[in-house]
Amino acid sequence: MKSIFLSLFLFSSFILNAQLEQCIENRFSETALFDSSEIEIDYNTQYATVEHYFTGQTLNLVMDVYYPDMVADESSSRPFILLVHGGSWFSGNKINMAYECMEYARRGFVAATIQYRLGWNCDLNNIFTACSCPNSNLQKAVYMAVQDTRAALRHIYNNAATWEIDTNWMFTGGESAGSFNSILAATWSQSEADAWLPAGFSSEVGGLDESGNELPAGFEIKAIINHCGAVPVLAHLSDNANVPIISFHDSNDCVVPYNTGQVIGCFCGGYMFVSGSSVIHTTRMNAGECSELHTVPASFGHCTFPKASLVKLASCFLKRTMCGVCTSFSNTDIYTAAMCSPLSSPCPPPNTCPADFTGDGVVNISDLLIFMAQFGNVCE
């Protein structure tokens with residue numbers, strides 16, 4: 001079954017300030033541009049040194065960076081995606097995002113996945129202790145993870161030349177807890193974080209940009225990939241209302257709710273109340289902001305959206321963002337086709353208005369997306 005609601009519009013203020021150099025035909029699209037043999041991986045690049053609040057350990061945090069070989073790739077300026085793994089802030093590993101990093105790099109992005117502080121003084125492997133841990137411990141773990149995510153972004157921003165990164169186009173993304181981290185790293189202000197946290201915690205561990213390294217925080221996140229994540233306070237998104245968000249979520253997820261509810265609520269009461277992908281999408285749509293929602297219908301799973309489809313759809317979402325086009329729709333077909341490879345910034349010939357852009361004999365959503373990217377909202 002397929003259900004789609006679609007609206008498209010150009011966000012003119014974004015267009016006026018956008019740098020469309022990355023709106024390139026056949027790049028950053030649904031189709032891989034490079035073979036995996038042409039992708040370089042810099043493993044275990046250190047980006048921060050931190051102290052873990054719960055263990056007192058000093059940790060050197062590292063990332064893996066995936067990028068097209070600089071000989072094979074003619075571009076010397078590539079957009080960047082930071083991807084953060086899930087695991088309830090308790091477990092997981094950066095290698096969990098290796099597939100996505102490789103596939104985005106094959107499409108021309110530079111992508112990185114990070115190690116961050118895990119654990120909140122709670123054994124989630126033991127159902128008896130997992131249901132009785134203080135919620136405040138989880139809040140503290142979330143905050144430290146966001147600190148680490150921002151430290152990684154600062155490292156990339158200040159060392160962009162190493163990987164030939166275009167810092168005008170930096171994106172975040174993740175899965176489950178990693179999506180929380182990515183969204184909050186892009187949208188949280190210090191005052192919002194402090195209002196949500198146990199009182200005085202940030203004064204103990206430092207501000208959002210006062211942990212891990214002392215690099216300046218000049219980066220700006222231009223779009224977010226959210227796979228089965230949520231936000232603890234919906235209003236906190238309003239600080240960066242113009243940041244496009246693409247979300248993927250199972251409709252009956254009980255680990256991270258699709259609508260509203262408590263996280264990790266499958267086998268006990270759960271922890272912090274959050275707003276999931278469906279609420280995020282509806283709120284953004286009602287505010288006229290860019291948002292796509294891809295739902296796995298009638299699913300009680302967690303983060304089950306097919307990764308191959310997710311990468312294609314998210315790549316096209318990011319490309320349309322770089323082309324200055326806002327797309328908003330909801331979709332329940334997990335195999336819906338992604339189409340954006342023909343998008344490019346040069347203007348089409350005057351007085352022409354084709355309909356079947358893809359040449360497949362059918363005029364549909366794919367053609368409409370390309371139309372909007374190439375012509376805006378006027379075609380003479």
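The values are calculated or read from the model by the stated rules, or taken from the named source; none is laboratory data. All values reported here derive from a predicted model rather than from experimental measurement. Ideal geometry is used to build each Cβ from the backbone, glycine not excepted, and the neighbour counts take in all protein chains shown. Protein only, heavy atoms only, side chains kept; ligands, DNA and RNA dropped before computing areas. Shrake-Rupley method; radii C 1.70, N 1.55, O 1.52, S 1.80 Å.
Here are a few things to note about the model shown:
- Nearest-10 value in Å² for the accessible area of residue 171, using the 1.4 Å probe: 0
- Here the gap between residue 191 and residue 46, fully extended at 0.36 nm per residue and compared with their Cα-Cα distance, gives a gain of 49.3 nm.
- If you sort 267, 273 by accessible surface, 1.4 Å probe, largest first, the order is 273, 267.
- Inter-label distance, residue 121 to residue 93: 2.8 nm, where each label sits 7 Å from its Cα along the C-beta direction.
- The chain - percent of accessible surface contributed by carbon and sulfur, probe 1.4 Å: 51
- Nearest-10 value in Å² for the accessible area of residue 283, using the 1.4 Å probe: 60
- Average accessible surface for the chain: 39 Å² per residue, computed with a 1.4 Å probe over protein heavy atoms with every protein chain in place.
- Across the chain, Cα-Cα pairs farther apart than 29 Å form 39% of the total.
- Helical contribution to [θ] at 222 nm, DSSP H n ≥ 4, -39,500 (n - 2.57), averaged over the chain, rounded to 500: -8000 deg cm²/dmol
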